[in-house]
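The structure appears right after this line, and notes come after that.
The values are calculated or read from the model by the stated rules, or taken from the named source; none is laboratory data. Owing to the predicted nature of the structure, the values given are computational and were not obtained by experimental measurement. These area figures cover heavy atoms from the full protein model, side chains too; ligands, DNA and RNA do not enter into them. Shrake-Rupley method; radii C 1.70, N 1.55, O 1.52, S 1.80 Å.
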Amino acid sequence: QVQLVESGGGLVQAGGSLRLSCAASGSIFSFNAMGWYRQAPGKQRELVATITRDGSTNYADSVKGRFTISRDNAKNTVYLQMNSLKPEDTAVYYCHAERWVSSSDYWGQGTQVTVSS
């Protein structure tokens, strides 16, 4: 059973920074890709950033230049460094992992990020 546990959310003022962590119960090398999604109240869940097993990254246009996704295979953890935060970044952030061969995907429970103006 795969478990993804997020941490690092909280309340921050606009312009501030937070770093989210996603710790997996097993080796993250077993996943083809991992990523972060977010869901704001009344809105659909949206992609924030992804990172593949070989380290390729992809970002939503709204966070490019401000957010950085990274992975530490030794710690089985994926990070999302968020800088220059804006009130519109307020959302629940979810960690996601997928295995392409088995078409399996997994979600964490989410962590709240609130950016005050």
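Tabulated results
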quantity	calculated
Average accessible area per residue (Å²) across the chain - probe 1.4 Å, nucleic acids and ligands excluded	52 Å²
Fraction of accessible area attributable to carbon and sulfur, the chain (%, probe 1.4 Å)	47 percent
Set of lysines near residue 64 by C-alpha distance (under 25 Å), chain-local residues within fewer than 8 positions excluded	43, 86
Geometric extent, Cα atoms of the chain - Rg, Dmax (angstrom)	13.5, 44
Cα-only Debye scattering, the range 60-107: base-10 log of I(q)/I(0) at q = 0.31 Å⁻¹	-1.19
Rounded to 5, the percent of DSSP beta bridges in the chain classed as antiparallel	90 percent
